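One structure is given below, encoded as structure tokens.
The values are calculated or read from the model by the stated rules, or taken from the named source; none is laboratory data. Model, not experiment: these values are computed from the prediction. Backbone-built Cβ (ideal geometry, glycine too); neighbour counts: all protein chains shown. SASA here: full protein model, heavy atoms, side chains in, ligands and nucleic acids out. Shrake-Rupley method; radii C 1.70, N 1.55, O 1.52, S 1.80 Å.
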Amino acid sequence: MPYTITNFCIIRNNKAQAGSLSYSDTSVAGHEFLIKAYQHFGISYPKFYKMDNLSRLGFLSVELLLKNHPVHQLYKPEDVGIILSNASSSLSTDIIHQRSISNRSEYFPSPSVFVYTLPNVMIGEICIRHKFSGEGCFFIHERFNAAFLHQYVKLLLDNRIIQCSITGWVEMNEQNYESVVYLIEKQSQTNNQIVNFEPGELNKIYLKDS
Amino acid sequence: MKEIFAIADNIVTPLGFSTQENAANMLKNITGIRQWNDVQIAPEPFYASLIDDETLNQKFASFDDPARFTRFEKMIICSVKDALSNSNVDFTNKKTLFILSTTKGNIDLLEKNKMTVFGNERTSLWHTARLMKEYFSLYHMPLVVSNACISGLLAIIIGARLIRNGLFENVVINGSDIITEFVISGFNSFKSLSTGPCRPFDKTRDGLSLGEGSGTIILSSNRNRSAVPSSVCIGEGFSTNDANHISGPSRTGEGLFLAISKVLNAHAARISYISAHGTATLYNDEMESIAFTRAGLQNVPVNSFKGYWGHTLGAAGVIESAMAIYSLKNNLLLNTLGFNETGVSNPISVISKATPCKLENCLKVASGFGGCNAALLFYKA
């Protein structure tokens with residue numbers, strides 16, 4: 001059965017867009033932009049402020065991805081799989097934790113920082129927010145790897161391990177950030193614009209205005 | 001269902017550099033966990049299972065210059081080489097994939113003095129993948145799974161899925177993690193470290209002991225890739241999320257129960273043995289006892305290997321699965337080192353004495369930060 005990309009969300013260069021949703025503010029630093037975007041879209045989830053920057057980016061991407069999509073009504077919580085990837089793992093937070101221990105006279109490791117030194121914690125945050133309980137995995141690739149993500153998500157869908165997938169790339173390093181996440185379903189549920197779930201289409205979307 | 005065979009394996013811990021060496025020491029109730037008093041790693045003394053640098057370098061020197069590689073990389077190479085030597089899998093072939101599972105990789109390189117020797121990029125896990133591709137002359141770029149403490153088990157599940165769907169014939173899975181100041185300080189900040197060697201499922205358990213390890217399991221759809229035809233198969237496995245809390249397990253064992261239910265649904269078999277995650281924290285062991293009981297498995301013999309080599313993080317799922325495969329092959333249930341009296345509210349059947357027992361299969365489970373859980377069945381061919 002063919003699968004389709006029913007929506008996607010791109011956040012980079014201080015611009016966030018998903019379908020008809022769009023917001024940009026190039027006057028602030030990237031990490032501040034995430035907070036601005038959160039406020040702009042009227043999201044109310046105080047835990048957002050406790051998250052590290054990587055989780056904020058992933059969280060925000062999925063918020064926008066699902067804002068106008070009835071994923072919660074269409075699928076059981078265990079049938080939604082979250083398969084994400086990036087290059088830097090949790091490096092941006094690893095550095096913060098490392099700083100808190102590198103000097104014995106200022107030795108203050110914090111559990112609220114340390115927990116974010118694992119990239120899949122972002123998947124946990126998304127699952128808590130949306131009550132998803134299905135398959136999850138975090139992969140590390142040097143660059144966005146459309147061929148692999150397509151291969152693995154297709155396998156999960158073909159084998160009926162999941163019915164719907166949130167997949168893509170959520171990268172955060174000290175210099176930059178970039179998120180491109182996709183909603184993959186068996187058929188288009190909500191819009192007429194059919195985009196086949198193929199590596200070429202994933203790449204085409206990834207390269208949009210970049 | 002297409003059969004996938006466990007072809008060969010290896011375990012590198014302070015208890016030895018092969019599965020056999022580890023097993024021999026475990027049967028003598030030897031633990032790799034001891035007290036360390038090293039202010040370079042932690043301001044206070046701590047209990048952990050750490051691999052001796054000198055031993056690692058000696059082993060490594062038999063095939064390469066130890067100075068060219070980091071601790072983490074040397075552990076991977078030692079483990080993979082030993083496992084490969086017991087198989088006839090062509091690692092460089094197009095039909096073979098390498099999956100690396102780790103939580104933190106070369107995390108010690110974030111310490112300034114070490115970074116300068118190896119360079120900035122070396123901390124990245126994609127760089128480790130590249131390095132391994134070059135070192136072993138692999139056809140494909142290795143796949144890197146970094147999914148907290150279920151990484152190893154999840155890597156095996158993914159490897160089996162890729163073979164079952166005809167995408168590869170062989171998958172070599174390595175799980176490795178080193179224990180550094182970074183990791184100790186983090187777990188210590190959570191107050192989850194034990195005051196002595198960890199005591200899984202015990203009444204007096206008070207936390208986990210961290211451990212260094214590297215494990216390798218080679219999977220193939222061709223059972224003759226093994227020197228001795230393989231007798232253990234990899235069944236279905238699943239990962240789930242508690243959707244409850246990022247740093248604590250679900251009080252009701254929701255995610256683990258769901259993962260186990262999916263495995264039991266896919267295999268109509270009676271479970272002969274459970275290899276638990278059993279970290280020896282109050283919450284983890286309690287949560288597992290609830291999940292096992294909810295799944296109707298409270299009378300199935302269960303053990304945790306953490307008392308022998310501690311919690312080896314991203315390596316745990318691989319080295320513990322290698323030991324579970326050993327148990328299946330030898331029809332032997334190993335005792336839960338450190339366990340004396342049940343300290344979980346659901347009375348599960350914790351193995352307290354090594355016991356010969358005819359085993360048909362083993363349910364392996366794992367749970368981790370981010371609310372993730374995984375369960376996988378190993379069974380006899």
Only Lys, Arg (+1) and Asp, Glu (-1) charged, at Cβ; chain A dipole about Cα centre in debye: 320 debye
Cα-based Rg (one decimal) and Dmax (whole number) for segment A:50-121, in Å? 16.2, 54
What is the local net charge at B:F257, summed over the other residues whose Cβ is closer than 13 Å to its Cβ (Lys, Arg +1; Asp, Glu -1)? -1
Looking at chain A only, what percent of DSSP beta bridges run antiparallel? Nearest 5 please. 70 percent
How many Å² of accessible area per residue for segment B:208-335, probe 1.4 Å? 27 Å²
Give the shape of segment B:235-380 as rounded, prolate or oblate, defined through the alpha-carbon gyration tensor: a ≥ b ≥ c are the square roots of its eigenvalues, a/c under 1.5 means rounded, and otherwise the shape is prolate if a/b is larger than b/c and oblate if not. rounded
Among A:38-51, B:343-356, how do they line up from the highest to the lowest mean number of other beta-carbon atoms within 10 Å? B:343-356, A:38-51
Chain pair A, B: total accessible area buried, heavy atoms, 1.4 Å probe, Å²: 4000 Å²
Dimensions in Å of chain A - Rg and Dmax from alpha carbons: 17.0, 61
Would you mind telling me the share, in percent, of accessible area of segment B:5-225 contributed by carbon and sulfur at probe 1.4 angstrom? 47 percent
Short version: which residues of segment B:189-208 lose at least 10 Å² of accessible area, all chains versus chain alone, 1.4 Å probe? B:S189, B:F190
Which order, highest average first, do A:166-174, B:89-97, A:69-77 follow once you tally other Cβ atoms within 10 Å for each residue and take the mean per peptide? A:166-174, B:89-97, A:69-77
Counting only helical runs of four or more DSSP H residues, what would the 222 nm mean residue ellipticity of the protein assembly as shown come to if each run contributes -39,500 (n - 2.57) and the total is spread over all its residues? -10000 deg cm²/dmol
Return the subset of B:K59/B:K353; B:K74/B:K112; B:K306/B:K364; A:K204/B:K94; A:K76/B:K262 for which the Cα-Cα distance in this structure is over 22 Å, preserving the input order. B:K59/B:K353; A:K204/B:K94
Normalised by the residues of segment B:5-225, what does the relative contact order come to in percent, with Cα pairs under 8 Å and at least six apart? 30 percent
Tilt relative to chain A, helix A:53-66 - C-alpha long axis, 0 to 90 degrees, to 10: 20 degrees
Give me the percent of DSSP beta bridges within the protein assembly as shown that run antiparallel, rounded to the nearest 5. 70 percent
Just order A:199-209, B:207-217 by mean Cβ neighbour count inside 10 Å, highest at the front, would you? B:207-217, A:199-209
Over segment A:1-159, give the accessible area per residue in Å² for a 1.4 Å probe, as an integer. 37 Å²
Out of all DSSP beta bridges with both ends in chain B, state the antiparallel percent to the nearest 5. 70 percent
Averaged over peptide B:142-154, how many Cβ atoms belonging to another chain are found within 10 Å of each residue's Cβ? 5
Ignoring ligands, DNA and RNA, what percent of the 1.4 Å accessible area of segment B:235-380 is carbon and sulfur? 51 percent
Between the chain alone and the structure with every protein chain in place, find the residues of segment B:87-112 that drop at least 50 Å² of accessible area; heavy atoms, 1.4 Å probe. B:K104, B:L110
Restraint check, B:K81/B:K191; A:K50/A:K154; B:K81/B:K104, Cα-Cα greater than 26 Å: B:K81/B:K191; A:K50/A:K154
Among A:N145, A:N159, A:N103, the residue with the largest mean-square fluctuation in a Gaussian network model of chain A built from Cα contacts under 10 Å is A:N103
Taking the alpha-carbon set of chain B, what are its Rg and Dmax in Å? 19.1, 55
May I ask you to give the percent of accessible area on chain A that is carbon plus sulfur, with a probe radius of 1.4 Å? 49 percent
Averaged across the residues of B:244-254, what count of C-beta atoms belonging to other chains lies within 10 Å of each residue's C-beta? 3
Those lysines that a straight Cα-Cα span of less than 22 Å connects to A:K47, excepting residues fewer than 8 apart in one chain: A:K36, A:K67, A:K131
By the Kirkwood definition, with r running over pairs of different Cα atoms, the protein assembly as shown has a hydrodynamic radius in Å of 23.8 Å
What residues have an amide H closer than 5 Å to that of B:S226, excluding those fewer than 5 places away on the same chain, when H is modeled at 1.01 Å from N in the peptide plane? B:N88
Neighbouring partner chain Cβ atoms per residue of B:116-129, average, 10 Å criterion: 3
Short version: ³J(HN,Hα) in whole Hz for each residue of segment A:162-175, in order, from phi by Karplus 6.51 cos²θ - 1.76 cosθ + 1.60 (θ = phi - 60°), x for Gly and Pro, what are they? 9, 10, 7, 9, 9, 9, x, 10, 10, 10, 9, 10, 5, 8
So how far apart, in nm, are the two label points at A:Y49 and A:L207 if each is 7 Å from Cα heading toward Cβ? 4.2 nm
